[in-house]
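What follows draws every value from the coordinates through simple rules; no lab data is involved. All values derive from a computational prediction rather than experimental measurement. Note that each Cβ is placed from the backbone with ideal geometry, even for glycine, and that neighbours are counted across all protein chains shown.
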Amino acid sequence: MAVRSDAKMTLLRNVPLFAECTKGELRKLAAIADELDIREGTVLTREGRTGREFFILVEGTVRITKNGRKVADLGPGDWLGEIALLTKAPRTATATTTSPAVALVITDRDFKHVVSEIPSIAMKMLSCVAGRLSRTAQS
C-alpha cells in the first residue's frame, strides 16, 4: 500500500507533535517520511538503546513493553519514538509489531535537516512536549 503525500500530511497532522504545523511544514515532513512494510514480531525500538527513528503506524499493531511488562498496545494512527527526534536519550520502552504493519518513518538525520531549513517545526514540537511534561508533573 503506497501512502500518498496528502495522506502522509493528514497522518502527520493528527500527531499532536505536528498538529500546529502549517501545510508547508507538513509537506516538508511528509517528503521525508518513508513508508515501511514491517513483519510481525519486528522490534522497532529496544528499551535502553539510542533511538534514531520516529514511527507513525498506518496499519497493524504494536505492543509497547517496559522492563518486560506490557505498557500499551498501539494501532493505526498511533506513533512512537518522538523523543529520538529531539534528543539522543535512550529509548524508554521496547516496541514490537504484533501483526504485519505499515508505518511512516522519519529518521533523526532527515528531521534535523528539515528543522535546519524550517526551525519553526522544532519550536512547535518543543511546545507540545513541554505541555505534556507540565501535565505529567502536575499529576
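Some points to look at:
- Maximal additional length on extending the Glu20-Met123 stretch stands at 36.1 nm, based on 0.36 nm per residue less the C-alpha distance.
- Above-threshold pairs, the threshold being 19 Å between Cα atoms, out of Lys28/Lys124; Lys23/Lys124; Lys28/Lys88; Lys88/Lys112: Lys28/Lys88
- Estimated FRET transfer efficiency (Thr96, Ser5; beta-carbon r; R0 41 Å; 0.05): 0.90
- Going from the fewest other Cβ atoms within 10 Å to the most, the residues Glu82, Glu40, Glu117 appear in the order Glu117, Glu40, Glu82.
- Relative contact order [Cα under 8 Å, 6+ residues apart], segment 5-126, whole percent: 33
- Test item: Cα-centred dipole of segment 13-89, Lys/Arg +1 and Asp/Glu -1 on Cβ, debye: 320
- Rounded to whole Hz, the Karplus (6.51, -1.76, 1.60) HN-Hα couplings of segment 27-35, x for glycine and proline: 4, 5, 5, 4, 5, 9, 7, 8, 8
- When the alpha carbon gyration tensor of segment 3-139 is reduced to an equivalent ellipsoid, its three semi-axes come out at 23, 19, 13 angstrom, largest first.
- For a modelled paramagnetic label at Thr42, 7 Å from Cα along Cα-to-Cβ, the residues of segment 80-99 in reach, with backbone nitrogen under 12 Å, are 96-99.
- For segment 44-60, Karplus couplings with θ = phi - 60° (6.51, -1.76, 1.60), whole Hz, Gly/Pro x: 7, 9, 10, 3, x, 8, 5, x, 9, 9, 10, 10, 10, 7, 9, 9, x
- Stokes-Einstein D for segment 90-132, Kirkwood Rh over Cα pairs, 20 °C, 1.002 mPa s (µm²/s): 166
- Potential extension, Ile83-Ile32 segment - 0.36 nm per residue separation minus Cα distance: 16.6 nm
- Order of Ser116, Ser5 - criterion: other Cβ atoms within 10 Å of each residue's Cβ, fewest first: Ser116, Ser5
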